[in-house]
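Structure record follows, encoded as structure tokens.
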Amino acid sequence: MYPDARNSPSKGKAKQADAQNWHSHWWDFHPLADHLKRPVAWSNASTIFTPHPSQPLILGRLFSSSKQFIIVSPDQILNNPAAYEPPNVITVSSNDHWLFAYFPGRDRDGVACLWQRGYSIDKWNIRDYWACERGAGIVNAVFVGAEREWVACPDGSTTRLTQSGPLTPVSNPTLLAVTQAHQLNVYFLRTYAPGVKSLTCSLVQPSCTAENMSQVAHDPPRGPKTSRLCSAASFSFIFHDRTRLAESVFMVAMRSRRYPLSDTLRAAASDSSHDLGLSLDMSIDNQLDERPPLLDWNSYEEEQMIELCEVKLRFDGMYMFLFAAPLSPIYHPGPCLTNFMFVSVPAFKPDTSTSPKASPTKDKQPQRGQLELPTTYLVASFLDFGEYASLPKSRIVAYSIVRVVPPNGKIPWAARLVGDRSFSPRILTVAAPGSLSIATRKVTVIVAITNPGGPLPRGAAKPKDIPVGNLFALQLPDLSDHPDYDHPSILAPVNRTSSDCPLSIFISPNKLLACAVSMLQTSVYTLPRARITSGSKDTLHQLPLAQALTIALQSRRSTADISHILSLPSTPVAMLHDTLFGTLTSYEVNARLGTANPFTMVDVMGVAVEIYRARARRTQNEDEKERYLMLSRNALNVCSVSACLAAFEDCKESEGYDLEPVWQLISLSTWVVAFLEDLMKECVFLADLADPTPNTSLNPNEVVPKEEPMDDNPFLRNWLTSPFQQATNQSPHPVSLDAPILLHLVHPLVLTNLRAVVFHVSSFHQYLASMTAKRENSQFARDTMLDLINSSGLDLKVLEDILSTAIPEASAIPVEEIMASFAEGHPVLAQHEQLKKTIRSLTISSAIDRPSLFIKSSDLIDGFANLSASDRPVGDDPGVDVVTKGRLLTQNPGLLCLRCGGRSQVGGDVMVGGHSSPRWKAWERMWTARCICGGSWVSGNI
């Protein structure tokens with residue numbers, strides 16, 4: 001019945017209301033039902049891989065920069081790009097060395113390709129590629145053989161979880177792929193084999209395949225009218241139980257759909273029942289009975305069940321074996337499956353009171369098979385479009401997959417529904433596994449939920465993007481909202497609010513960000529986080545960002561997502577220091593407990609370089625930007641001192657130094673001397689202005705200038721005592737003891753490294769001075785080193801003695817204050833007295849020759865106009881190699897560090913007189929994978 005026109009709103013008001021709001025429609029979410037998802041992969045080196053929107057290519061983006069590159073496709077695809085679609089499967093290995101993608105063919109066989117990474121993370125070389133016949137295309141793939149995962153404990157220590165997934169000791173890489181034909185293909189490379197080898201087994205019937213057995217080709221689908229093809233698949237790598245021998249067991253879940261066979265399609269195409277022509281040829285009617293049955297559109301329906309299969313991958317020392325055992329499927333009436341995934345939980349520690357060594361008659365456990373605590377969940381989401389007249393209804397369910405141990409020794413699995421939730425009228429689009437809490441043994445699931453509509457922005461200044469939904473963290477097993485987590489917004493352009501919902505989502509390596517891909521754009525969002533503020537220093541290691549940073553350093557993963565969050569203007573500055581302090585606390589706890597730390601404190605300082613530079617790029621205040629750049633430069637100097645020290649120690653011999661890389665060692669010495677000059681200039685400046693008497697001003701961080709005799713010039717006297725000068729506070733100028741470069745004089749580790757590198761430069765200088773040059777090149781090298789030290793204005797031997805004396809005094813400061821200075825990047829109040837003492841010792845000794853320190857011969861030659869007390873900061877010269885400290889060759893683009901922005905040309909041969917230097921090459925090889933700050937390399941011309 002039609003509504004009453006008298007009570008209905010006018011057309012003008014309805015149009016005005018529609019103009020002020022946006023609304024979603026059912027067709028906006030139908031790409032989820034059609035499985036038109038665009039795959040996305042986020043590597044541990046912080047590279048986001050996405051498919052090209054229309055071409056068979058893979059795009060790589062280096063997060064969090066704007067640099068992009070293209071992965072080269074195989075020649076078979078490049079020669080005929082119109083015959084292939086963009087990849088529907090993209091996966092990258094955990095060590096970031098291998099990349100795999102599958103390109104479906106258009107009316108032809110698809111192509112699977114395997115790439116291997118070079119030194120830089122933007123260089124990928126094709127290792128091998130192969131064809132996949134029609135009907136056996138790959139729907140999902142994953143690399144196995146990942147290292148055990150690190151997790152943070154509540155007390156600040158870190159531990160490793162048990163192994164999950166199969167172990168493949170003699171193959172690298174090993175790839176698992178599920179095909180449309182419900183088969184599992186295992187692709188692997190052996191060190192002694194030239195190409196990729198494979199194993200194949202069925203996932204819908206019990207099967208066993210061995211590496212030394214002949215492989216049977218894929219059986220084409222058979223049936224009277226339809227072909228049953230796998231449309232989606234998911235892998236579950238189960239954590240091994242410490243109480244039993246490790247088993248290489250994993251599970252595969254599949255969702256299938258029925259499609260008409262090609263002969264049925266041909267029969268429908270050649271059907272002449274609807275032909276309006278007047279042909280009198282009656283021979284066609286005689287052939288109707290010989291044709292296949294006509295097309296039934298119900299053949300396209302999706303099966304309302306999820307098939308499960310248990311798979312074992314074993315290695316007997318020579319060959320690999322593959323066993324598959326299908327399990328009972330999970331039936332669910334959901335008409336349209338949009339997401340399904342496994343979420344694994346580590347097994348609980350076994351109870352000693354129910355040890356298997358106990359007598360069966362005295363054991364209190366029941367004699368029949370019992371369910372262990374669930375270790376794996378299967379989470380699936382559905383959309384119900386109904387009659388396609390309104391928005392779809394979304395629903396998410398969770399099943400616990402548990403192992404049953406009966407007395408007969410078999411190991412079947414049982415599935416039980418543990419969570420069921422609907423979100424109407426809001427719509428759940430995508431889901432992904434969340435984080436694991438080792439304290440509570442619980443995991444979360446991240447879901448993206450969009451609104452059915454909302455208001456449009458008003459006013460003249462309209463934003464480009466508006467919120468259209470939120471990200472939620474759901475608790476397993478009941479799928480309830482996590483009460484301690486926030487709900488970040490999902491943004492969409494104003495002109496595409498209803499038609500740009502996320503179709504795929506992938507979590508960053510440290511589970512802090514999410515990359516969401518829609519039909520038109522790729523976006524990065526902050527994941528839901530616990531609402532925890534900074535507390536006391538004793539609990540800073542429990543901060544989510546501090547735990548994430550500790551685990552990232554332990555796992556040798558990129559910290560770009562952590563730095564991105566800490567650089568946001570909404571993140572307070574205190575959170576930056578608290579995160580670094582919490583990471584240092586975990587480092588000290590592991591050292592105290594005897595746990596080996598895969599990272600060092602210098603690695604933490606390398607992360608600080610990334611955080612400070614990211615913070616400087618985002619801030620609008622010029623003073624804050626300069627402050628963060630100073631902190632970043634000094635943090636990089638800490639890393640450089642450590643790298644130079646390692647180089648001198650590697651080239652040290654029993655009676656001197658390896659002289660084959662003499663010019664390389666001179667380059668390092670030049671950088672060290674330049675850095676010492678900047679440090680000593682700062683000390684001289686502070687010593688000239690500082691009064692040795694205690695500071696009684698209100699700010700103890702400032703150095704009060706001592707009174708100087710007044711000049712006889714009345715103009716100078718009047719200017720110093722003028723009200724304008726006192727109001728502007730231009731002189732006397734307070735000098736802070738919190739300069740970042742002074743950290744090298746108060747922190748025990750940094751001070752120890754500085755003293756050691758001063759010792760090596762001094763010893764190297766004395767070693768060259770004591771030698772008689774026999775060749776012209778040797779004479780040049782000797783004279784260059786002598787001129788470097790003589791013109792520096794420093795006595796390295798005296799300087800080394802003073803620094804050695806300061807080490808015990810720096811170590812006597814409380815550990816918390818030492819960690820605080822390292823976290824903040826500059827000396828703290830508790831270190832000021834020791835810093836003043838060290839500065840006075842340096843400035844009153846013969847270690848510094850002030851005229852030679854401040855006035856260089858090059859300044860006198862170029863003219864007094866170029867004379868300056870503060871030269872370019874050390875490390876800011878773009879023409880200097882950030883690793884070797886030598887000059888960069890202009891014809892070689894070299895490598896670019898994503899973290900510190902430095903350039904390098906490491907990896908070249910060092911030849912002196914026709915002989916290479918193995919010691920120097922070994923030291924350079926340390927930095928071919930990562931920069932001295934720990935950042936990843938990319939091509940210098942990108």
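The values are calculated or read from the model by the stated rules, or taken from the named source; none is laboratory data. Here the structure is a predicted model, which means the values were calculated and not measured. Here the Cβ positions follow ideal geometry from the backbone for every residue, glycine too, while neighbour counts run over all protein chains shown.
The number of residues in segment 26-61 that are over 16 Å from Thr522 (Cβ atoms), modelled with pLDDT under 90 and in contact with a Lys or Arg (Cβ under 9 Å, 6 or more places away or on another chain) comes to 1. Looking across segment 158-186 at every residue that is at pLDDT 90 or above and under 26 Å from the mean Cα position of the chain (by Cα), the one that is surrounded by the most Cβ atoms within 10 Å (Cβ to Cβ) is identified as Leu176. In this structure, Ser697 does not qualify as in the same structural domain as Glu655 (by TED's automatic domain parsing), at pLDDT below 90 and in contact with a strand residue (DSSP E or B) (Cβ under 9 Å, 6 or more places away or on another chain). Here is the figure for segment 49-105: residues that are touching a residue at least 12 places away in the same chain (Cβ under 8 Å) and part of a loop (DSSP other than H, G, I, E, B) total 23.
Is it the case that some residue within segment 175-190 is among the charged types (D, E, K, R) and on the phi < 0 side of the Ramachandran plot? Yes, that holds for at least one residue. Once segment 387-408 is narrowed to residues that are surrounded by 20 or more Cβ atoms within 10 Å (Cβ to Cβ) and of a type in the set (Gly, Ala, Ser), the residue that is modelled with the highest pLDDT is Ala398.
Among the listed residues Ala574, Ala546, which satisfies the condition of being assigned to a helix (DSSP H, G or I) and surrounded by fewer than 21 Cβ atoms within 10 Å (Cβ to Cβ)? After ruling out the rest, the residue left standing is Ala574. Considered as a group, the residues in segment 131-144 that are surrounded by fewer than 19 Cβ atoms within 10 Å (Cβ to Cβ) and in a loop (DSSP other than H, G, I, E, B) include one that is modelled with the highest pLDDT, and that residue is Glu133. Checking His487 against (1) in contact (Cβ under 8 Å) with a residue 40 or more places away in the chain; (2) touching a strand residue (DSSP E or B) at 6+ places or on another chain (Cβ under 9 Å); (3) crowded, with 18+ Cβ neighbours inside 10 Å; (4) closer than 30 Å to Ile396 by Cα, only one condition comes out false. Which one? The single condition His487 does not satisfy is (3).
Condition test on Trp130, is it over 18 Å from Trp98 (Cα atoms) and aromatic (Phe, Trp, Tyr)? Lay out the reasoning, then the answer.
Numbers: over 18 Å from Trp98 (Cα atoms): no; aromatic (Phe, Trp, Tyr): yes.
Taking the combined requirement at face value, the residue does not satisfy it.
Applying the condition of being among the β-branched types (Val, Ile, Thr) and modelled with pLDDT under 85 to segment 897-942 and asking which residue is surrounded by the fewest Cβ atoms within 10 Å (Cβ to Cβ) yields Ile942.
From the residues in segment 590-607 that are hydrophobic (A, V, I, L, M, F, W, C) and closer than 13 Å to Leu553 by Cα, which one is modelled with the lowest pLDDT?
Ala596
If you go through segment 478-525 and pick out every residue that is at negative phi and either among the basic types (Lys, Arg) or in a loop (DSSP other than H, G, I, E, B) (or both), you end up with 23. Criterion applied to Arg627, Arg615 was being crowded, with 18+ Cβ neighbours inside 10 Å, out of contact with any Leu (no Cβ under 9 Å at 6 or more places or on another chain) and not aromatic (Phe, Trp, Tyr), and the one residue passing it is Arg627. From the set of residues in segment 577-596 that are buried (at least 23 other Cβ atoms within 10 Å of the Cβ) and β-branched (Val, Ile, Thr), which is nearest to Arg930 (Cα to Cα)? Per the stated criteria, the residue is Thr583. Contact annotation: residue pairs with Cβ atoms under 9 Å, 6 or more positions apart or on different chains, pairing a residue in segment 849-862 that is in the same structural domain as Leu679 (by TED's automatic domain parsing) and among the small types (Gly, Ala, Ser) with a partner that is surrounded by 11 or more Cβ atoms within 10 Å (Cβ to Cβ) and modelled with pLDDT of 75 or more, are Ser852/Asn790; Ser852/Ser791; Ser852/Ser792; Ser852/Gly793; Ser852/Leu794; Ser857/Ser791.
Condition check for Ile126 on (1) touching a Cys at 6+ places or on another chain (Cβ under 8 Å); (2) farther than 14 Å from Ile70 by Cα; (3) hydrophobic (A, V, I, L, M, F, W, C): one failure, at (2).
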